[in-house]
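Below is one structure; the comments refer to it alone.
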Amino acid sequence: MYDKIVTSLRFVLAPVFVFLACAQVSADEIFTFASIDGGDLSLEEHEGPVLVVNTASLCGFTPQYEGLQNLHETFSEEGLMVVAVPSDDFRQELDDESAVKEFCEITYGLTLPMTEITPVTGDGAHTFYQWVRQQTGWEPRWNFNKVLVADGKVVGTYGARVKPESPKLRRAIAAALD
């Protein structure tokens, strides 16, 4: 009986602790990643919508990099920022940032912003992903999950099967750009 009560309390209180943890973090910390090129990559400084995608080099969805690069090339002048967040949370990322960067540049001609290899799930997730979970209850369930943010709010979340060229995602991007 005691175990059931403790388990129930953990389930009920977990979102409260996540909220409190996020409440103590500044917006700058939530929206800033370490760039794969060195330095910081601030989403907050960008004045348009941002599509944040957790990625992995050794995943069946890795060819989506091509579509992400296309989104970057097509919509960046209109204000969209596409950010790749390499993560090894699902054990499908290369061992270090230089290998990830080289793979993406050589294989997909990637020029869009990328972060360092970053945790995206659980309590150790980057503050951005903790914030998304606190706002929506959502967190990536696999590689190439997408989060569209506009005006400091989560506009939409999309699973790996929603490709960058999907009409659903493109409509959401177009609406966020308006």
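The values are calculated or read from the model by the stated rules, or taken from the named source; none is laboratory data. The structure displayed is predicted, hence computed values, not measured ones. Ideal geometry is used to build each Cβ from the backbone, glycine not excepted, and the neighbour counts take in all protein chains shown.
For the range 158-178, the set of residues classified as in a helix (DSSP H, G or I) and within 16 Å of TYR65 (Cα to Cα) consists of LEU169, ARG170, listed by residue number.
Quick check on GLN69: is it buried (at least 18 other Cβ atoms within 10 Å of the Cβ), among the polar types (S, T, N, Q) and farther than 24 Å from LEU177 by Cβ? Steps first, answer last, please.
Numbers: buried (at least 18 other Cβ atoms within 10 Å of the Cβ): yes; among the polar types (S, T, N, Q): yes; farther than 24 Å from LEU177 by Cβ: no.
When the stated conditions are applied, GLN69 does not pass them.
Just to be sure, is VAL50 crowded, with 18+ Cβ neighbours inside 10 Å, over 18 Å from TRP142 (Cα atoms), touching a strand residue (DSSP E or B) at 6+ places or on another chain (Cβ under 7 Å) and at pLDDT 95 or above?
Values: crowded, with 18+ Cβ neighbours inside 10 Å: yes; over 18 Å from TRP142 (Cα atoms): yes; touching a strand residue (DSSP E or B) at 6+ places or on another chain (Cβ under 7 Å): yes; at pLDDT 95 or above: yes.
For VAL50, the condition - crowded, with 18+ Cβ neighbours inside 10 Å, over 18 Å from TRP142 (Cα atoms), touching a strand residue (DSSP E or B) at 6+ places or on another chain (Cβ under 7 Å) and at pLDDT 95 or above - is met.
Per-residue answers, yes or no, for (1) farther than 19 Å from LYS163 by Cβ; (2) modelled with pLDDT under 95; (3) among the basic types (Lys, Arg); (4) crowded, with 21+ Cβ neighbours inside 10 Å:
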position	(1), (2), (3), (4)
GLY124	yes, no, no, no
TRP131	yes, no, no, yes
TRP138	no, no, no, no
TRP142	no, no, no, no
ASP151	yes, yes, no, no
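Among the residues of the range 93-107, those that are without any contact (Cβ under 8 Å) to a residue 60 or more places away in the chain and crowded, with 18+ Cβ neighbours inside 10 Å comprise GLU93, LEU94, PHE103, CYS104.
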